[in-house]
Amino acid sequence: MPIEINTKDLYKLLGKTPYSHNIMLCGKHGIGKSEIITDFYTKKGLPVITLFLGQMSDPGDLIGLPHIDADSQKTSFLPPQWFPLDGKPIVLFLDELNRARPEILQAVMDLTLNRKLAGRSLPEGSYIISAVNSGGDYQVTDLDPALVSRFNIYTFQPTVSEWLEWAGNHAIDSRILDFIKKNPKYLDDIPNNSEDNLEKTPDRRAWERVSDIITGQVQIDQITKKIIAGIIGKQTTAKF
């Protein structure tokens, strides 16, 4: 089991880890992994490029497409649209790493070891960070031990108090804050017991959507309750 870190730990960890190290964050969906990565590095002046590896169907989506060089008459790869050609460092955020196809993961092997794609190097000073959903609730691909060895791995588990602090600074409806203070398990700790995983359960991202619905409404009418139930589930809506 990777070491657990909370939000404050993660910010400190990002500040202390050199760019030559790769970081992997494990955790549930909707807990703010990508938001924190983007917030931290953009404040440092580094662009964050997010690649959703689970959506890629072919290695060419990651490394670019082959073509014949007119001068050498040899095959080379055109750089993909996201690849930085100006020599300035980036943060490459590999989201859904353990949802990627095996052939995509083979390209990631070279990227994480040599910081190259199809022979083209990332600019000096670039960071590589990945995120995975861990646990038996997700349809994921087993990662090769050689690939895993290329990462410093941490389980990201932000605390309830950290979320409440964030929510208070982001205009989340006060009724939600009061409810979570009294019932912290309903933030994101309600198990999904349905056979098809289609029973909604609350998570941090879902509560933000609930706030979008109820902000400005003094009374919660019947249709609003149904809308909320479609976001956080019937059980949690009844309690809320």
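Conditions tested, residue by residue: (1) of a type in the set (D, E, K, R); (2) under 24 Å from Leu85 (Cβ atoms); (3) at pLDDT below 85.
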residue: Ile5; (1), (2), (3): no, no, no
residue: Leu14; (1), (2), (3): no, no, no
residue: Asn22; (1), (2), (3): no, yes, no
residue: Ser34; (1), (2), (3): no, no, no
residue: Leu46; (1), (2), (3): no, yes, no
residue: Ile49; (1), (2), (3): no, yes, no
residue: Ile68; (1), (2), (3): no, yes, yes
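Give me the pairs, please: first residue somewhere in region 9-27 and without any contact (Cβ under 8 Å) to a residue 60 or more places away in the chain and within 21 Å of Leu113 (Cα to Cα), second residue anywhere and assigned to a helix (DSSP H, G or I) and open to solvent by 10 Å² or more (accessible area, probe 1.4 Å), beta-carbon distance under 6 Å, and either six or more positions apart or on two chains.
From residues that are without any contact (Cβ under 8 Å) to a residue 60 or more places away in the chain and within 21 Å of Leu113 (Cα to Cα), the pairs are Leu14/Phe40.
Got at least one residue in region 126-134 being under 21 Å from the mean Cα position of the chain (by Cα), touching a residue at least 40 places away in the same chain (Cβ under 8 Å), under 28 Å from Pro2 (Cα atoms) and open to solvent by 40 Å² or more (accessible area, probe 1.4 Å)?
Yes: region 126-134 contains one or more residues that are under 21 Å from the mean Cα position of the chain (by Cα), touching a residue at least 40 places away in the same chain (Cβ under 8 Å), under 28 Å from Pro2 (Cα atoms) and open to solvent by 40 Å² or more (accessible area, probe 1.4 Å).
Scan Pro66, Pro59 and give me the residue that is farther than 27 Å from Lys28 by Cβ and touching a residue at least 40 places away in the same chain (Cβ under 8 Å).
After ruling out the rest, the residue left standing is Pro59.
Yes or no: region 90-105 includes at least one residue that is in a strand (DSSP E or B), at pLDDT 85 or above and either in contact with a Pro (Cβ under 8 Å, 6 or more places away or on another chain) or of a type in the set (Phe, Trp, Tyr) (or both).
There is at least one residue in region 90-105 that is in a strand (DSSP E or B), at pLDDT 85 or above and either in contact with a Pro (Cβ under 8 Å, 6 or more places away or on another chain) or of a type in the set (Phe, Trp, Tyr) (or both).
Among Gly64, Gly54, Gly32, Gly45, which is the only one that is over 14 Å from the mean Cα position of the chain (by Cα), surrounded by 15 or more Cβ atoms within 10 Å (Cβ to Cβ) and among the small types (Gly, Ala, Ser)?
Among Gly64, Gly54, Gly32, Gly45, only Gly64 is over 14 Å from the mean Cα position of the chain (by Cα), surrounded by 15 or more Cβ atoms within 10 Å (Cβ to Cβ) and among the small types (Gly, Ala, Ser).
How many of the residues in region 166-221 are more than 19 Å from Lys28 (Cα to Cα), open to solvent by less than 50 Å² (accessible area, probe 1.4 Å) and more than 23 Å from the chain's Cα centre (by Cα)?
Counting residues in region 166-221 that are more than 19 Å from Lys28 (Cα to Cα), open to solvent by less than 50 Å² (accessible area, probe 1.4 Å) and more than 23 Å from the chain's Cα centre (by Cα) gives 6.
Could you pull out the residue among Ser34, Ser57, Ser72, Ser20 that is under 18 Å from Ile128 (Cα atoms), hydroxyl-bearing (Ser, Thr, Tyr) and part of a loop (DSSP other than H, G, I, E, B)?
Ser20
The values are calculated or read from the model by the stated rules, or taken from the named source; none is laboratory data. It should be emphasised that the depicted structure is a prediction, and the values quoted were computed from it without experimental measurement. Glycine also receives a Cβ, built like all others from the backbone with ideal geometry; neighbour counts cover every protein chain displayed. These accessible areas exclude ligands, DNA and RNA; they are computed on the full protein's heavy atoms, side chains included. Shrake-Rupley method; radii C 1.70, N 1.55, O 1.52, S 1.80 Å.
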